Amino acid sequence: MTDTKQYKSVAVDLATHKKLVKLSTEDHRKVSQQISKLVFDAYKERYPNEVNAGIGSAAWMKKAKCRGL
């Protein structure tokens, strides 16, 4: 059984699902990976000043330098 603390279900209409499958197939991704990519891209565009990267990434290092770390 899927861990509901880590994953959630999302319902979309069939027309949207068909489009999502087409996008994910062309990008060689699973549907869940495609949703993650679409959300990541939209979030990054809407909130460009937020750094959502792990330690050691270029974005984290740049932010750490600004803080004198």
Every pair of residues 6+ apart whose Cβ atoms lie under 9 Å, when the first sits in segment 10-31 and is in contact (Cβ under 8 Å) with a residue 24 or more places away in the chain while the second is open to solvent by less than 90 Å² (accessible area, probe 1.4 Å): VAL10/ILE35
Extreme residue, nearest to the chain's Cα centre (by Cα), among residues of segment 1-58 that are in a helix (DSSP H, G or I), among the acidic types (Asp, Glu) and at pLDDT below 95: ASP41
Scan segment 1-23 residue by residue and report those that are surrounded by fewer than 10 Cβ atoms within 10 Å (Cβ to Cβ) and not small (Gly, Ala, Ser). MET1, THR2, ASP3, THR4, LYS5, GLN6, TYR7, LYS8, VAL10, ASP13, LEU14
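The values are calculated or read from the model by the stated rules, or taken from the named source; none is laboratory data. Only a predicted model underlies this, so the values are computations on that prediction, with no experimental measurement involved. Here Cβ is always computed from backbone atoms with ideal geometry, including for glycine, and neighbour counts include all displayed protein chains. These area figures cover heavy atoms from the full protein model, side chains too; ligands, DNA and RNA do not enter into them. Shrake-Rupley method; radii C 1.70, N 1.55, O 1.52, S 1.80 Å.
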